[in-house]
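Worksheet: the structure to be examined is printed underneath.
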Amino acid sequence: MHKIYFLIYLILVTLSNAAVAEGLIVEAKGTVLKTTTLSNDLYQTRAIANALQTVVHSSPQSLGSFSLIENGKVLFDQISSQSSIKIGGYRILSTQDHGDKFSVSLEVLILPSNKNSVAFSCRQPKDLDIALNWKGITLKRSMPFWVQIDAQSIYQQIASTIASDDRFNIRKKIPRQTLQDTGYSLYDTGDNAAAYAPKYELTAELKLDLKNENSLLQRSKTLTIEATTELARRSQIIRSTTLENNITLSKSGVLINGPNTGRQNLENIQQNIYDVMQQSVINTLRELECKNFASKIIYQGQTLKIDFGFQDGLLETDIFSSAVIGTKQFYFSVKQMNDNYTTLHALSNDTKAEIFDGLDIQLLERF
């Protein structure tokens, strides 16, 4: 047990040293008043945002003590609230509930102006709804009569593969024209289609071809398998995979003792076809295994919105920052989060919300 604790300690020290090597770590404190009966988690998020804002909006003079000097050279010599401060992440040192207010103490990682990003842990989906679009099997040439491939069985196996991963849910995609207005919805007006059709769609297709090779010494038939899958988000393809494999169906010739046919091995042939299709599905879904969040803000109905939510692995305690460096940095906390989208609260109260429309933002991870 002591060895395990020692190993964890070494890992933490290594991560801390790596963070220092990538940027400058400073301490910051944030405090918010408790005015309503909100949960402490929300007050903690606001206090964290307040601490980050303290760093961003500090004057160059007050940040002078944060400057890192190496070999007599000031590495952070142009820190200002307008351009050079770029927060890469933060670590919570302590939290305290004072009854009428909530405070936090953080370690904040400040990146140099030429450092645009830092590697963070993955965000994985949770109960993400995926529509499976099975396009079936296409035969480029006629198969031998005994080659019977059950397309419905392959579809069910693909669906079972996806459903076996607790990160995903298989949902049917219902065409827009069949949707009915019920007069009420948990979603914004205009998002009714999203309530019925998942944001993500996996399209799977199988193509089979038969190749005949004839020579003076040998004749053979080879089954060529081509499995293709595409993963789309809001109809935009984000990853595709095509895998191929060949299976010998029959072989005969002068140097072969007796006819060699795959008819006796039909069960294995069908399993090989499914294996190629399954691997294509797995390879394509890897797009969702480790994804550093990035999005654009949509200004709609006097609210700030992003097209990601709980199902994309985001949390109500998350904080976001503008992704472009070299301009004034803006920070956002979660106002309300749903399965498929999130509304944001801009932490720069002196800035009009409209200017954030189309702004690229990234997730501010804890380190």
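Each row is one residue, and each column tells you yes or no for (1) buried (at least 19 other Cβ atoms within 10 Å of the Cβ); (2) modelled with pLDDT under 75; (3) in a strand (DSSP E or B).
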{"residue": "13", "(1), (2), (3)": "no, yes, no"}
{"residue": "28", "(1), (2), (3)": "yes, no, yes"}
{"residue": "51", "(1), (2), (3)": "yes, no, no"}
{"residue": "54", "(1), (2), (3)": "no, no, no"}
{"residue": "79", "(1), (2), (3)": "yes, yes, no"}
{"residue": "84", "(1), (2), (3)": "yes, yes, no"}
{"residue": "92", "(1), (2), (3)": "no, no, yes"}
{"residue": "102", "(1), (2), (3)": "yes, no, yes"}
Report yes if residue 299 is hydroxyl-bearing (Ser, Thr, Tyr), at pLDDT 85 or above and over 16 Å from the mean Cα position of the chain (by Cα), otherwise no. yes
Step by step: first the residues of region 115-141, then only those that are surrounded by 13 or more Cβ atoms within 10 Å (Cβ to Cβ) and of a type in the set (Val, Ile, Thr), then the one that is modelled with the lowest pLDDT. Which residue is that? 118
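The values are calculated or read from the model by the stated rules, or taken from the named source; none is laboratory data. Note that the structure is predicted; figures quoted are calculated from it, not measured. Cβ: placed from backbone, ideal geometry, glycine included. Neighbour counts: every protein chain shown.
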